[in-house]
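The values are calculated or read from the model by the stated rules, or taken from the named source; none is laboratory data. The model shown is predicted, which means the values in this text are computed figures rather than measured ones. So basically every Cβ, Gly included, is an ideal-geometry build from the backbone, and we count neighbours across all protein chains shown. All accessible areas refer to the heavy atoms of the entire protein, side chains included, with ligands and DNA or RNA removed. Shrake-Rupley method; radii C 1.70, N 1.55, O 1.52, S 1.80 Å.
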Amino acid sequence: MKEQAGSGSNPFDIPHKKQGWCPGCGNYKILESLKIALHELELDRREVVIVSGIGQAAKTPQYVNANMFNGLHGRALPVALGVKLSNRGLTVIAESGDGCMYGEGGNHFLHAIRRNADITVIVHDNMIYGLTKGQASPTSLQGMKTPVQVGGVVLEPFNPVAVALALNAPFIARASAADVRETVDIVKQAVSFRGLALVDVFQPCVVFNRLNTYQWFREHTYYLDEHHDVTDRKAAFALALETGRYPLGVLYREDGRPTYEEQLGIPHEPSWNHEVSREAFDDLVGSFR
Amino acid sequence: MYPCKFKKTEVMVHYRGDLSIVFGGAAGQGVQTIADALVSLLRTSGYHVSACTEFMSRIRGGSNSTEVRIASCRRNAFVRRIDLLFALNAEVLEHLAERITPETTVFAEKEGRGDIEALRVIDTPLAEFAREAGSPVYANTVAVGVVLGILGIRLEGFRDFLSGQFADKGDDVVERNHKAADLGFRFGREAAERESLSVTLPAPEEKLGALLLNGTQALGIGAVSAGCSFISSYPMSPGTGLLTFLAAHGPRFSIVVDQAEDEIAAINAGLGASYAGARALVTTSGGGFALMGEGISLAGIAEQPVVVHIGQRPGPATGMPTRTEQGDLNLVLYAGHGDFARAVYAPGTLEEAILVMQRAFETADRYQVPVFVLTDQFFLDSVMTMPKESVPDLSLDRCIVRSDAGYQRYRFTADGVSPRSVPGHGDGVVKVDSHEHDESGHLTENFSIRERMVSKRLQRLEEMKQQAIRPSWYGNPSASTVVVSWGSNRGVVEEALDLLQHDDNIASLHFSQLYPLHADAQTLLEGRHVVVVENNATGQFADFLHREYGIVAARRVLKAIGEPFAVEDIMNVLQTSGGEA
C-alpha cells in the first residue's frame with residue numbers, strides 16, 4: 001500500500017534533522033532537489049535505496065527519509081549494484097562526491113557504466129576535497145593552489161561526462177546545484193530512466209574552493225536548449241569537451257538499451273524470498289554420482 | 001617407512017592393497033582427463049578412490065601430475081610413494097625424480113626418457129597406439145586402457161564411459177576411442193604378464209551410488225543448499241572454482257553471478273546484496289582477500305552478513321599461484337580495522353565442506369557478522385568419494401523480519417543482535433552506516449551511544465562460541481599426545497594415525513571451526529603433549545592456541561614449500577619421536 005503524503009509535506013523529509021554541512025554549502029541545494037524530485041516522481045520512500053560513499057556529499061542520505069546504505073569511500077557503486085541485482089523492484093540511487101566517485105571509486109565508475117544496471121548516479125562535483133580540508137580532487141581545474149598542490153594543480157582534470165560518453169553510458173546529464181528547479185527536472189529524468197544514468201552536479205564549496213564559486217559557475221555554464229539532439233552521441237561528445245562554458249542539462253540519452261539485470265535474466269522475486277528448488281537440488285547432487 | 005605391502009622378488013612384482021598411481025605430463029597433454037576418467041570408472045566399480053593434483057602456473061607446457069589412490073577405505077590425503085607412474089613426457093621423470101624409487105614401475109615412451117632410478121621401466125608406445133587408432137589425440141584413451149589392463153579391471157565400463165563421453169561427436173569418434181582403449185588394454189595386460197607384474201586391489205566395497213566430487217564442488221553444493229543467491233568475485237586461483245561452479249548452476253537456482261572489476265568491488269557488492277536480503281558469497285585467495293580488508297570492517301560495523309571463501313595458496317604477494325598452503329589464518333583472524341565479531345571455518349572433509357558452508361551462511365545471518373571459510377588448493381582440487389546419504393538437507397533459516405513504520409536497524413536488544421529487515425519488506429526504512437551510528441542507523445559521535453554500540457557488536461561472540469563446531473577427536477580418548485590440525489590436514493593426520501595403530505598413546509584433534517573456538521577445545525588439549533601440524537612457516541594456529549588458551553605446542557610440524565603434507569611426512573614425525581620435540 002502506498003503511503004499518502006499530506007499536501008505540502010514531503011515524505012522524504014526528516015523533520016528536525018540537523019545537517020552537518022557548512023552554511024551556504026551547495027549540498028543543501030542538491031539535497032533539496034533530490035527530495036523534491038523523488039516526491040514529484042511519487043516514489044514510495046520504502047522502495048527507494050540511496051547508497052553513498054564517504055565525503056560531505058555522501059552524508060546526503062543521512063538527511064533523506066528513505067532506505068540508506070552509507071558505505072565506504074569510493075565504494076557506493078558496487079554496493080548499489082549488489083542491491084539492484086538482489087531486488088530489482090527497488091529504485092537505487094548512488095550518490096557521492098567527485099573524490100569518491102571519480103577518484104577512490106574510479107574503477108567502479110568505469111565498470112558500472114559498462115554493466116548498465118538500472119542505477120542513478122548523482123555526483124556532487126565541487127572540484128575540491130571538502131571533508132579532508134581542501135586538497136585537489138580529480139576534477140580540480142589546473143592551476144588551483146591547495147595545501148598539497150602548493151604550486152597549483154598540474155593534473156589534467158577528469159572529465160566525467162566525456163568518460164561516460166566514451167563508455168557509452170545511456171544517460172548523461174550535468175546540473176548546477178544553485179538551480180534547484182532545473183536540477184529537480186534533470187534528476188527526475190535520470191531516476192525514471194531505465195539503465196545507468198549519470199548526473200554530474202556542479203556544486204560550490206564555500207569554504208575550500210575559492211575559484212569555483214556560485215558566481216563562477218553562473219558565468220561558466222549555460223543550459224542546453226531544444227536545438228541539442230539528446231540522441232546524437234557525437235554532438236554530445238562535442239558538448240562534453242567544452243570547457244570554457246560548460247553545458248548543463250541532458251547531454252545524451254538512449255532509451256531502450258537492455259539493462260544488466262535484464263541481460264543476466266535475474267529473477268524479479270526479491271532475494272530475501274529466495275527458495276531452493278528441492279528437485280533441482282536433488283538433480284545437482286545426483287549429477288555427481 | 002611406509003608400511004610395506006610391496007613384495008619384490010627377482011622376477012616378480014606384486015602390488016597388494018592400497019595403490020598409488022601417478023599420471024604426469026605437460027599442461028595441455030590431458031593428464032587431468034586421464035585421471036578423471038580413471039577415477040570415475042573406479043568409483044563406478046565401488047573402489048575407495050581419491051585423487052589430488054599438483055600443477056604449474058601455466059596453461060601449456062611445464063610438468064603437472066595427478067595422483068590417483070585406490071584404498072581399502074575412504075582416504076583423503078597425499079602419499080609420496082608412487083607405485084605406478086605414467087609419464088606422458090620425459091620432463092615428468094625429472095619433475096618427480098625424488099618420488100621415484102626402486103619400487104616404482106614406470107610406464108613411459110622409450111624415446112628420450114634418459115636414466116631412471118626405477119628398476120622397472122615398461123616402454124609404453126602411447127603415441128604409436130594413438131596414431132594407430134586414428135590420431136595422436138587418443139593417447140589419453142590409450143593410457144587409461146593400459147592402466148585397466150595392468151589393474152585387471154574389465155574394459156566394458158571404460159567403453160561405455162567413452163560412448164557416453166563422445167556420443168555427440170559421432171560414431172566415428174566413439175569407435176576410434178574404443179580402438180585406442182582396446183590397444184592400450186591389451187598392451188597393459190600383456191605387459192603385466194611379460195614383466196611378472198601383478199596388482200591385487202583392495203576389495204571394492206563402497207555402495208554403488210557414492211558421490212564423487214572435489215572440494216570446490218562440495219563447497220558449491222553447500223552454498224546452493226544454504227540458499228546462496230548472490231556471488232560477486234574477481235577470479236583468483238584457487239578460489240575461482242567456486243565462482244565457476246555457481247555460474248554453471250546459477251540459472252537453475254536463481255543465483256545472481258557477477259564478475260567484479262576488482263576484489264574491493266566484489267566484497268562491497270556482496271554487502272549491497274546482503275543488505276537487500278541475499279545470502280551473499282564472495283570467493284578469492286589471500287591476495288584478493290587482502291584488498292577486501294576495509295569491506296570486512298564495513299560488514300563489522302554495518303552488522304551485514306556476508307560469507308567469504310578464501311582458497312589459500314602460498315604467499316606473500318603472488319607467491320606460488322597454483323600451489324597449496326595454510327598461510328592466511330592470521331590474515332583472516334585479524335582482517336579489518338576496529339573490533340567486531342566474526343567466525344572462521346576450515347573444512348577437512350567433503351561432508352564438512354557442505355556443512356560448513358551451510359553453517360557459515362546461518363552464522364552470518366543469525367549473528368549479522370562476516371564469516372570466513374578457509375580452504376586451500378589441495379583441498380579444493382582433491383577428488384574424493386562421499387556417501388550420498390551424508391549430503392545434509394537444505395538449510396534456510398533466514399532471520400529476516402518485516403519492518404514496521406518505526407523500524408530501527410540497530411535497536412538495542414538483550415543479546416546485542418537487532419532484528420534485521422531489508423529494504424522493501426515492510427513499512428519501515430532500513431538505514432545502515434559505515435560510521436558509528438545510533439539505533440536508527442544515522443551517524444553519531446555521541447560517546448555513550450558509541451560505547452553501547454561497541455559492546456553490542458562484540459556481545460554476540462559469547463553465544464557464537466557456544467554454537468561453535470566441536471573439534472573432532474580421533475583415536476584413544478586418553479592418549480597423552482594429541483596431534484592438532486585444521487582444514488585440509490584432517491585426512492593426512494588421521495591416515496598416519498591409522499597406520500600407527502600400535503601406538504595407542506597418540507590421538508588427533510581436528511578443527512573445522514577456528515574462530516571462535518568451541519569451549520571444549522581447551523579441556524581436550526590441556527595436560528597433553530600437543531603437536532600442531534600446519535601447512536605454513538610459522539605455526540599460525542599454534543600461536544593462536546597459545547594466545548587464546550595459553551596452550552603451548554610442544555612441537556610444531558610445519559611445511560611451507562607449496563606441497564601438501566604427505567602421509568609419510570606425518571608418519572616420520574610421529575614414528576621417529578612419537579611427536580616428542
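List the strands (runs of 3 or more DSSP E) that sit entirely inside the stretch B:23-129 and contain at least 3 residues that are buried (at least 20 other Cβ atoms within 10 Å of the Cβ) and within 22 Å of the chain's Cα centre (by Cα).
Hits in the stretch B:23-129: B:48-54, B:61-71.
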> Here are some residues: B:Leu509, B:Leu525. Which one is touching a strand residue (DSSP E or B) at 6+ places or on another chain (Cβ under 6 Å), surrounded by 17 or more Cβ atoms within 10 Å (Cβ to Cβ) and not assigned by TED's automatic domain parsing to the domain that holds B:Leu331?
Replying inline: B:Leu509
> Can you tell which of A:Ile93, A:Ile30, A:Ile36 is touching a residue at least 60 places away in the same chain (Cβ under 8 Å) and open to solvent by 10 Å² or more (accessible area, probe 1.4 Å)?
Replying inline: A:Ile36
>> Cβ-Cβ under 8 Å, sequence separation 6+ or interchain: first residue in the stretch B:281-297 and over 15 Å from B:Pro314 (Cβ atoms), partner among the β-branched types (Val, Ile, Thr) and open to solvent by 10 Å² or more (accessible area, probe 1.4 Å). Which pairs?
In response: B:Thr283/B:Thr240; B:Leu291/B:Ile264; B:Met292/B:Ile264; B:Glu294/B:Ile264; B:Gly295/B:Ile264
>> Can you say whether B:Ser196 is more than 22 Å from B:Val68 (Cα to Cα), in contact (Cβ under 8 Å) with a residue 24 or more places away in the chain, of a type in the set (Gly, Ala, Ser) and in the same structural domain as B:Pro102 (by TED's automatic domain parsing), as far as the supplied structure shows?
In response: yes
>> Regarding the stretch A:253-267, can at least one residue be identified that is under 17 Å from A:Pro160 (Cα atoms), among the small types (Gly, Ala, Ser) and at pLDDT 95 or above?
In response: no
> How many residues are at pLDDT below 95 and more than 30 Å from B:Ala51 (Cα to Cα) when one looks only at the stretch B:492-517?
Replying inline: 1
>> Here is a list: A:Val184, A:Val180, A:Val123, A:Val161. Which entry is open to solvent by 20 Å² or more (accessible area, probe 1.4 Å), in contact (Cβ under 8 Å) with a residue 60 or more places away in the chain and in contact with a helix residue (DSSP H, G or I) (Cβ under 6 Å, 6 or more places away or on another chain)?
In response: A:Val180
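Restricting the stretch B:429-445 to residues that are more than 7 Å from chain A (Cβ to nearest Cβ) and touching a Phe, Trp or Tyr at 6+ places or on another chain (Cβ under 8 Å), which is most open to solvent (accessible area, probe 1.4 Å)? Walk me through how you get there before you give the answer.
Residues of the stretch B:429-445 that are more than 7 Å from chain A (Cβ to nearest Cβ), as a first pass: B:436-440, B:444-445.
Filter once more, keeping what is touching a Phe, Trp or Tyr at 6+ places or on another chain (Cβ under 8 Å): B:437-440.
Numbers: B:His437: 0, B:Asp438: 40, B:Glu439: 55, B:Ser440: 29 Å².
Result: B:Glu439.
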> Could you give every pair whose Cβ atoms fall below 7 Å, whose first residue belongs to the stretch A:191-206 and is under 16 Å from A:Asp255 (Cα atoms), and whose second residue is open to solvent by 10 Å² or more (accessible area, probe 1.4 Å) and assigned to a strand (DSSP E or B), counting only separations of at least 6 or pairs across chains?
Replying inline: A:Val191/A:Thr91; A:Phe193/A:Arg253
> Of everything in the stretch B:403-419 that's more than 10 Å from chain A (Cβ to nearest Cβ) and within 29 Å of B:Val356 (Cα to Cα), which residue is most open to solvent (accessible area, probe 1.4 Å)?
Replying inline: B:Ala414
> Within the stretch A:39-62, how many residues turn out to be assigned to a helix (DSSP H, G or I), touching a residue at least 60 places away in the same chain (Cβ under 8 Å) and either within 7 Å of chain B (Cβ to nearest Cβ) or open to solvent by 20 Å² or more (accessible area, probe 1.4 Å) (or both)?
Replying inline: 1
>> Out of the helices (runs of 4 or more DSSP H) lying entirely within the stretch A:63-181, which hold 1 or more residues that are closer than 30 Å to A:Gly265 by Cα and within 14 Å of chain B (Cβ to nearest Cβ)?
In response: A:76-86, A:106-115
